[in-house]
Amino acid sequence: MNENQPNTLPPEYFDHVYQANRDPWNFETSPYEREKYATTLAALPRPRYAEVFEIGCSLGVLTAQLAPRCGHLLAVDVSEAALAQARARCANLPQVEIRQLRVPEEFPRQSFDLIMLSEVGYYWSPADLARAADLLIAGLNPGGQLLLVHWTPPVHDYPLTGDDVHEFFLARTIENGPLRHLTGQRHETYRLDLLQKR
């Protein structure tokens with residue numbers, strides 16, 4: 001945990017980021033992002049998922065790549081500036097629903113076969129991470145999968161690191177825990193873990 005910044009980052013933080021730069025993390029152009037997206041999609045063992053929830057869809061770059069494998073994909077973000085770009089990118093993908101939503105304060109009432117948490121968990125405080133984890137696990141259908149992908153180096157204004165987030169979820173894969181660990185990968189600057197609800 002980052003003792004200098006222990007609080008969940010508010011929506012205004014992301015609004016300012018997107019106002020300053022329409023693609024602040026170079027999702028559209030970065031070779032790193034391209035490789036990470038390919039690794040993310042390759043880690044999914046099923047060719048198709050009926051109900052999918054993507055938290056933190058940003059500009060919708062990964063959303064558009066994931067969509068062909070989804071019956072219905074609910075993609076959410078806290079920033080309306082990012083969502084406007086995601087809506088334009090996914091306009092011809094009828095299975096994609098894009099919505100402004102702030103997890104864990106808000107959470108959809110349906111259940112999912114896949115929940116994707118990519119580059120989001122370290123924005124939450126430890127308390128919000130715990131709340132979100134409970135909601136995510138409850139929101140998975142039996143046998144549903146949770147895919148975690150996060151940058152691992154510390155960032156000065158993020159409450160947590162990617163490793164903090166993954167270790168928190170992996171603690172729920174103990175013998176009688178609600179999740180089991182299917183696969184994990186550690187790359188130079190990010191890690192990926194695929195979990196499944198028991």
Being open to solvent by 40 Å² or more (accessible area, probe 1.4 Å), closer than 20 Å to Tyr122 by Cα and of a type outside the set (Phe, Trp, Tyr) is the filter here, so list the residues in the range 156-180 that pass it. His156, Asp163, Asp164, Glu167, Ala171, Arg172
Which pairs have Cβ atoms under 6 Å, sit 6 or more apart or on different chains, and link a residue in the range 93-121 that is free of Cβ contacts under 8 Å to residues at least 40 places away in the same chain to one that is among the basic types (Lys, Arg)? Pro104/Arg131
Looking at the range 31-73, which of the residues that are of a type in the set (A, V, I, L, M, F, W, C), closer than 17 Å to Gln145 by Cβ and not in a helix (DSSP H, G or I) is most open to solvent (accessible area, probe 1.4 Å)? Ala50
Looking at the structure I just gave you, is Arg191 loosely packed, with under 14 Cβ neighbours inside 10 Å and basic (Lys, Arg)? no
Inspect all residues belonging to the range 106-117 and state whether any of them is assigned to a loop (DSSP other than H, G, I, E, B), under 18 Å from Cys70 (Cα atoms) and of a type outside the set (Gly, Ala, Ser). yes
I'm trying to understand the selection: among the residues of the range 74-83, which are open to solvent by less than 30 Å² (accessible area, probe 1.4 Å), of a type outside the set (S, T, N, Q) and in contact with an Asp or Glu (Cβ under 8 Å, 6 or more places away or on another chain)? Leu74, Ala75, Val76, Leu83
Looking only at the range 118-173, filter to residues that are touching a Pro at 6+ places or on another chain (Cβ under 7 Å) and of a type in the set (S, T, N, Q); which one of those is nearest to Pro11 (Cα to Cα)? Ser125
List the pairs whose first member sits in the range 183-198 and is on the phi > 0 side of the Ramachandran plot, whose second member is of a type in the set (Gly, Ala, Ser) and at pLDDT below 95, and whose Cβ atoms are under 9 Å apart, counting only residues at least 6 apart or on separate chains? none
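The values are calculated or read from the model by the stated rules, or taken from the named source; none is laboratory data. Note that the coordinates shown come from a computational prediction; the quantities given were computed from them, not determined experimentally. Cβ atoms come from the backbone with ideal geometry, glycine included; neighbour counts cover every protein chain shown. For accessibility, only protein heavy atoms count, side chains too; no ligands or nucleic acids. Shrake-Rupley method; radii C 1.70, N 1.55, O 1.52, S 1.80 Å.
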